[in-house]
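Working notes for the structure below.
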Amino acid sequence: MVVDDIPTNLNLLDEILDSAGYKTSMFPDGRLALKAAYQKKPDLILLDIMMPNMNGFEVCEQLKSKPGLADIPVLFMSALSDTNNKLEAFRHGAVDYVTKPFQEQELLARIDTHLRLKETENELKKHKAHLEELVAERSADLLQAYSIAKLGSWKYDLLDDSLTWSKLVYEIFEVPMNKPLGSGDFFLNVLEEDQEFVRRKWAEFISAEGKAKYEIEFRVRVNNTVKWVYTIAGFQCNERGERIKVIGTVKDITEKKLQLERLHKQNQTLRSIAWTQSHTLRAPLTRMMGLVEMAREGYMEDFTEEDFLNNLSTTADELDTIIRKIIRSTDELEMEVN
């Protein structure tokens, strides 16, 4: 777009730009140019300063105040070559200043340069928007994964001793949302019996060199109930490699701990059953093996066949009773586990 109140200048520029392959629109008045720019945004504007009704500075100021037009590169054209006017042009948002009478090749070179710069800027904006979209998408995926895994996140700023929790961490510790937090608030929740252990592990982590990792299970007291939590964290560093934050996750593992405790008790019960019943089984098995050995060796003079079979049957019944008791006990344990 070319804006100049002198028809001769418009005709000359139209001819130059048309020969260079540019599509141009010519306007002798700033107000008309603004209306046209709202309807069809130009890629670049050549703007005269000294014009009636609305001068070039006012036109540029109007353009820069409109979000949809503010990024259009504006090249001022003027016979005013003093430094003050040039500075005023740049203060109003111009990207360049061409003094009249201008050299055709110089003008075309400047136009080409600023169009290329604008194209590069547009590509960078698209790339930035794409990156922001990817970041937002990955962040949403990560939040969803955290939610599915019931995994809370936290961040501790080493510089100002501020602690930031995700919503799930507030829920785990049952602390009111948006409450300002410091490192002391975290330790207040730790069960007294675990306080020394947790503080020692934290001190070891903070003082460790290299890529230290904080990984710990401990208990917290929440509204007169005790929960088990598991947390893992690492340092975040600035561009100079200085530690500035600790980033971590926390998970409520109370149910897991209870399940492990139940399994441990059940294993102890099974071991007790195995130990007790193995001794109970030994007596009837020994008797049965003795009867079988006597029959094999022919020492049956003191027994009638009926006595032998009755003894064998009684022993077998005793074994069957013991085995059924073992099966019933293990079935009950299995039902408890399920």
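The values are calculated or read from the model by the stated rules, or taken from the named source; none is laboratory data. As the structure is a prediction and not an experimental result, all values here were calculated from the model. Every residue, glycine among them, receives a Cβ derived from its backbone with ideal geometry; neighbour counts consider all protein chains shown.
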Q: Please verify whether segment 213-227 includes one or more residues that are surrounded by 12 or more Cβ atoms within 10 Å (Cβ to Cβ), of a type in the set (Val, Ile, Thr), touching a Ser or Thr at 6+ places or on another chain (Cβ under 9 Å) and closer than 14 Å to Leu158 by Cβ.
A: no
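Here is a yes/no grid of residues against (1) at pLDDT below 90; (2) surrounded by fewer than 17 Cβ atoms within 10 Å (Cβ to Cβ); (3) of a type in the set (Val, Ile, Thr):
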| residue | (1), (2), (3) |
| --- | --- |
| Gly234 | no, yes, no |
| Asn238 | yes, yes, no |
| Lys245 | no, no, no |
| Glu255 | yes, yes, no |
| Leu260 | yes, yes, no |
| His264 | yes, yes, no |
Q. Among the residues of segment 2-42 satisfying the criterion of being touching a residue at least 40 places away in the same chain (Cβ under 8 Å) and in contact with a helix residue (DSSP H, G or I) (Cβ under 6 Å, 6 or more places away or on another chain), which is surrounded by the most Cβ atoms within 10 Å (Cβ to Cβ)?
A. Val3
Q | Cβ-Cβ under 7 Å pairs, at least 6 apart or on other chains, segment 102-118 side assigned to a helix (DSSP H, G or I), far side of a type in the set (D, E, K, R) and surrounded by 13 or more Cβ atoms within 10 Å (Cβ to Cβ) | A | Arg110/Asp96; His114/Asp96; Leu115/Asp43; Lys118/Asp43
Q | Out of Asn189, Asn223, sole residue that is within 19 Å of Glu255 (Cβ to Cβ) and either in contact with a helix residue (DSSP H, G or I) (Cβ under 8 Å, 6 or more places away or on another chain) or among the β-branched types (Val, Ile, Thr) (or both) | A | Asn189
Q: Assess whether Arg324 counts as being at pLDDT below 75 and either exposed (fewer than 12 other Cβ atoms within 10 Å of the Cβ) or not assigned by TED's automatic domain parsing to the domain that holds Trp228 (or both).
A: no
**Q.** Residue among Arg240, Arg221 that alone is of a type outside the set (S, T, N, Q) and not in a strand (DSSP E or B)
**A.** Arg240
Q.
Name the residue that is surrounded by the fewest Cβ atoms within 10 Å (Cβ to Cβ), counting only residues in segment 49-90 that are closer than 17 Å to Phe27 by Cα and β-branched (Val, Ile, Thr).
A. Ile72
Q. Counting only residues that are in contact with a Ser or Thr (Cβ under 7 Å, 6 or more places away or on another chain) and under 19 Å from Ala79 (Cα atoms), how many does segment 15-54 have?
A. 3
(Q) Looking at segment 141-167 only, could you name the residues that are at pLDDT 60 or above and assigned to a helix (DSSP H, G or I)? (A) Gln144, Lys167
Q: Out of Glu217, Glu174, report the one residue that is closer than 15 Å to Val250 by Cβ and modelled with pLDDT of 85 or more.
A: Glu217
